[in-house]
Amino acid sequence: MVGAYVAFYSQRSVAGQSENFCNLAAWCVQDAYRSHGLRLLKALLDQPGYTFTDLSPSGNVVPLNRRLKFQQLDTTATLAVNLPWPRWGSGVRIIDHQASIETYLDVRDLQIYRDHARAPAAHHLAVIKGDRCCYVMFRKDTRKGLRLFASILHVGDVELFSEVAWHVRSYLLTRFGLAVTIVENRFVSAPPMLSVPLKSPRPKMILSSRVSPSQVDYLYSELTCVPW
C-alpha cells in the first residue's frame, strides 16, 4: 500500500430529511506516488448521494478544496481563559460519569452520546441547572506544543451553556487540567467573559448541493475519533 484516504461515514437527519455524509479525514500518499494522490480524492467525491465534509484540512488542501467547489464554514471563535469558579449556591451540577450522564439526556442527545461514548477524542459533560440539562462534548487540543486547550464540539442547549459557561470552564480547568477553552460563536449566544477573538480559527469545509454550511456539525468525524 502506498497511499490511503480515510473517511468517516454517517447518516444524519438534516431539516427533517435523511442525509448521507462522508467526512474526509487523513490523506497520506508516499512521496514517490504523490501524482496519484488526487485519484484517491476523486474516488471519494465520485460517490453519488453524499454530502462531503473536511473538518481538519491541512494548509495545502484548503485551496484544492476551494477549486473543487467546497464552501468554508463560519468557524469564528473566541479563546477564553479557564479560571476556578465556585459553584456553591449556583444550583449548577456538572457530571462526567457515563452511567449518570445517560439519565439526564433527552432522546436526541442520548443517541449522540451513546454513539460517541467510546470515541477516543471525545469527552462528555452533562451540565444541569434546575430541570434543564445541557450536553457538552469537547476534545483536548495541542497548540504551540501545549496540550492545554479544550475545543467545544457539541452543545445541546446554547442558552443554558452560555448561562453556565463560567462553571464549565472552571470544571475543564480543575477536572481536566485544561487552561483555555476554544468555542465557536455557533455554540454561544454571546462571547464568553474574559475571552478574545481567535485570530486564525482552523478552517472547516463542505461540498453539498443539499446541506448548507450552517447545518454542519462536528459529530461522527475525525474530530471526535482522532486525538492529536
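The values are calculated or read from the model by the stated rules, or taken from the named source; none is laboratory data. Remember, predicted model here, so these are calculated numbers, not experimental data. Note that each Cβ is placed from the backbone with ideal geometry, even for glycine, and that neighbours are counted across all protein chains shown.
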- [ ] Filter segment 47-61 down to residues that are under 18 Å from M205 (Cβ atoms) and surrounded by fewer than 17 Cβ atoms within 10 Å (Cβ to Cβ) and give me whichever is modelled with the lowest pLDDT.
- [x] G59
Task: Residues of segment 87-116 satisfying the condition of being assigned to a loop (DSSP other than H, G, I, E, B), surrounded by 14 or more Cβ atoms within 10 Å (Cβ to Cβ) and either more than 19 Å from the chain's Cα centre (by Cα) or of a type outside the set (D, E, K, R) (or both) - done: R87, Y104, L105
TODO: Being at pLDDT 95 or above, in a loop (DSSP other than H, G, I, E, B) and in contact with a helix residue (DSSP H, G or I) (Cβ under 6 Å, 6 or more places away or on another chain) narrows it down to one of A119, A126, so name that one.
DONE: A119
Task: Which numbered condition R139 misses (of (1) of a type outside the set (F, W, Y); (2) without any contact (Cβ under 8 Å) to a residue 12 or more places away in the chain; (3) surrounded by 14 or more Cβ atoms within 10 Å (Cβ to Cβ)) - done: (2)
Open item on the list: Quick check on A165: is it among the small types (G, A, S), touching a residue at least 24 places away in the same chain (Cβ under 8 Å) and either in contact with a Leu (Cβ under 7 Å, 6 or more places away or on another chain) or in a strand (DSSP E or B) (or both)?
Closed with: no
TODO: Please state which one of P48, P57, P84 is part of a loop (DSSP other than H, G, I, E, B), assigned by TED's automatic domain parsing to the domain that holds S208 and more than 19 Å from the chain's Cα centre (by Cα).
DONE: P48
Open item on the list: Give all pairs with beta carbons closer than 6 Å in which a residue from segment 1-25 that is surrounded by 15 or more Cβ atoms within 10 Å (Cβ to Cβ) meets a residue that is acidic (D, E); count only pairs at least 6 apart in sequence or on separate chains.
Closed with: R12/E19; L24/D54; A25/E222
